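Novice: Quick one: structure below, then a few questions.
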Amino acid sequence: MEPAPLLTLRGMTKAYGQVVANDAIDLTVGQNSIHAILGENGAGKSTLMKLIYGVETPDAGEVVWQGNPVQLTSPAEARRLGIGMVFQHFSLFETLTVVENIALIVAGPKAALAARIRELGQDFGLDVDPFAHVHSLSVGERQRVEIIRCLMTEPKLLILDEPTSVLPPQAVGLLFDTLRRLRDRGVSILFISHKLDEIQALCDCATILRGGRVTGRVDPRAHDAHDLARMMIGRDMPPPMQAEPHPVGEVRLELAALDHAPDDPFAVGLSAVSLRLHAGEILGIAGISGNGQAELAKLLSGETRLSAARCDEVRLMGQGVAHLDPAARRALGFAFVPEERLGRGAVPEMTLADNSLLTAHPLGLLKRGFIDRRREAEFTAACIRDFDVRTSGPDAEAGALSGGNLQKFIMGREISLRPKVLFVAQPTWGVDIGAATAIRQRLVQMRNEGVAVLVISEELEELFEICDRIQVIHKGHLSPSLDARNTRAEEIGRWMIGAAGVAA
Ligand SMILES: Nc1ncnc2c1ncn2[C@@H]1O[C@H](COP(=O)(O)OP(=O)(O)OP(=O)(O)O)[C@@H](O)[C@H]1O
């Protein structure tokens, strides 16, 4: 006799106001299976996972767990049954250490927990210091903590919402080994990803969602990425646009032998970081997360400031700005998209319109100190339209958007500022393939129009697609500039792990 499926959902339905995020969804997850949930931004993937993990309650539908009808009324109940989830937006307390965060949901003395964290880290390639403070960790490292925390509750079903979007290529391989090992030990996995090649490499089953409904159930190994993309977005994919060689203009951003020792003992110091970014080019910063990207981003944005005496270590438009705050840098024509979209890129409790105001107010959204609501709404509506943000409109709260749609909105807002220098960290993190292609094309278009674009990304393919030059950050050092068209991925990979500089 076939073993009963681990989990069966029938007719799961969940609406938020007018939006039916999940519309009568049926889903069966087998034992020892890695099951992909595919769909474009806003298709309803995260909502479905929240229903399974008991974060949200369905309006209708039944859940059968290991042959028994159950009600998933809370995450604690889901965990008790053996369901664990790693969120797309992390749920760690920043002021606590890794082990303190884990102690919040896993019982036991701290020393034992720390030992277990190290052990799981080694077993599954999820290295992290149990005593590091979470605020000092990169997004990639935080994700490792979330996965370890989940594994410590010994789940039978592990839900991973876009787990690879923040991992460097080497770590993706390790994570997949981890997941296969878990499957072989009897854990099934629900895996949300926008990366079709990953789904084909890892998953034995895929359920495709569009507009809150199931539009297909396939074995992803039997279809090519093109097929899957069509099922997902309902049309053919546009081809990627290569950045053709292009004349560059004056230097717009310059870092001159920048040294920085952060106060935080867990943050990565930068040493002798130099780069020059010209008008009309895209420079990419590659590297494994946690090698100084976060510190570099803060020094660029003005969140970290240096003394006036050191102002020339960061130069924008020919002017020393290392001592200036973010607003003063923006006033010179600098715009940026931080890697953390909730909290840094947008305020979740505020409407999209008010989030526009945060950085776009110089575009005439204020009149004599008062908000010009009409222009604010127009600007926001234009971002929504031009960047294909799926939302009810400018009055929607930022926190109610799906992850990818919020990212599209923030990208759109910053691009609409028509900056002279645009700095973007992880431009397509969590964005579906159709929209990711559109965002990359937009960046190339800006470069062609003479904007100086700096991109930090952990996705090498993305950097190769759009960049003119690439520099690699490793342990706070930046490699020399490498020509993206004449450098092989392996060479970048050697710089990423610190093995290239020696020979050079
Ligand atoms: N708390 C909420 N309040 C209002 N609407 C919501 C809420 N959560 C989700 N939605 C809406 O439900 C729909 C489905 O969102 P969901 O986050 O499930 O999509 P997704 O497939 O996970 O997208 P992404 O790939 O961008 O993460 C979207 O239209 C979204 O705006």
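The values are calculated or read from the model by the stated rules, or taken from the named source; none is laboratory data. From a predicted model like this one, the values you see are computed outputs, not experimental measurements. Heads up, the Cβs are rebuilt from the backbone with ideal geometry, glycines too, and the neighbour counts pull from every protein chain shown.
Novice: Consider residue 47 carefully, then state whether it is within 26 Å of the chain's Cα centre (by Cα), surrounded by 15 or more Cβ atoms within 10 Å (Cβ to Cβ), in contact (Cβ under 8 Å) with a residue 12 or more places away in the chain and within 16 Å of the ligand (Cβ to nearest atom). Spell out how you get there, then give the answer.
Specialist: Working: within 26 Å of the chain's Cα centre (by Cα): yes; surrounded by 15 or more Cβ atoms within 10 Å (Cβ to Cβ): yes; in contact (Cβ under 8 Å) with a residue 12 or more places away in the chain: yes; within 16 Å of the ligand (Cβ to nearest atom): yes.
Spelling it out, residue 47 is indeed within 26 Å of the chain's Cα centre (by Cα), surrounded by 15 or more Cβ atoms within 10 Å (Cβ to Cβ), in contact (Cβ under 8 Å) with a residue 12 or more places away in the chain and within 16 Å of the ligand (Cβ to nearest atom).
Novice: Return yes or no: is residue 84 surrounded by 22 or more Cβ atoms within 10 Å (Cβ to Cβ) and within 15 Å of the ligand (Cβ to nearest atom)?
Specialist: Against the criterion (surrounded by 22 or more Cβ atoms within 10 Å (Cβ to Cβ) and within 15 Å of the ligand (Cβ to nearest atom)), residue 84 does not qualify.
Novice: Right, something else. Step by step: first the residues of the stretch 145-170, then only those that are in a helix (DSSP H, G or I) and at pLDDT below 80, then the one that is farthest from the ligand (Cβ to nearest atom). Which residue is that?
Specialist: The residue in question is 170.
Novice: Looking at the stretch 82-117, which of its residues are within 21 Å of residue 265 (Cβ to Cβ), outside any loop (DSSP other than H, G, I, E, B) and under 25 Å from the mean Cα position of the chain (by Cα)?
Specialist: 97, 98, 99, 100, 101, 102, 117
Novice: Continuing with this model, one more query. Against the condition touching a residue at least 40 places away in the same chain (Cβ under 8 Å) and at positive phi, how does residue 154 come out, does it pass?
Specialist: Details: touching a residue at least 40 places away in the same chain (Cβ under 8 Å): yes; at positive phi: yes.
Judged against the criteria, residue 154 is a match.
Novice: From 441, 445, grab the single residue that is away from the ligand (no atom under 14 Å from the Cβ), free of Cβ contacts under 8 Å to residues at least 60 places away in the same chain and farther than 15 Å from residue 336 by Cα.
Specialist: So the residue among 441, 445 that is away from the ligand (no atom under 14 Å from the Cβ), free of Cβ contacts under 8 Å to residues at least 60 places away in the same chain and farther than 15 Å from residue 336 by Cα is 445.
Novice: Additional query: Do the conditions hold for residue 364, that is, is it more than 30 Å from residue 460 (Cβ to Cβ) and more than 16 Å from the ligand (Cβ to nearest atom)?
Specialist: Yes; evaluated as a whole, the condition is true for this residue.
Novice: Restricting attention to the stretch 361-383, which residues are touching a residue at least 24 places away in the same chain (Cβ under 8 Å) and surrounded by fewer than 21 Cβ atoms within 10 Å (Cβ to Cβ)? Break it down stepwise before answering.
Specialist: Residues of the stretch 361-383 that are touching a residue at least 24 places away in the same chain (Cβ under 8 Å), as a first pass: 362-363, 377, 379-380, 382-383.
Passing the criteria: 362, 363, 377, 382.
Novice: Moving to a separate point now. Please give the helices (runs of 4 or more DSSP H) falling wholly within the stretch 194-306 in which 3 or more residues are at pLDDT 90 or above and not assigned by TED's automatic domain parsing to the domain that holds residue 50.
Specialist: 293-301
Novice: With modelled with pLDDT under 95 and either more than 23 Å from residue 484 (Cα to Cα) or crowded, with 16+ Cβ neighbours inside 10 Å (or both) as the only criterion, which of 322, 327 stands out?
Specialist: From the options 322, 327, the qualifying one is 327.
Novice: In the stretch 388-411, which residues are more than 9 Å from the ligand (Cβ to nearest atom) and either part of a loop (DSSP other than H, G, I, E, B) or surrounded by fewer than 22 Cβ atoms within 10 Å (Cβ to Cβ) (or both)?
Specialist: 388, 389, 393, 394, 395
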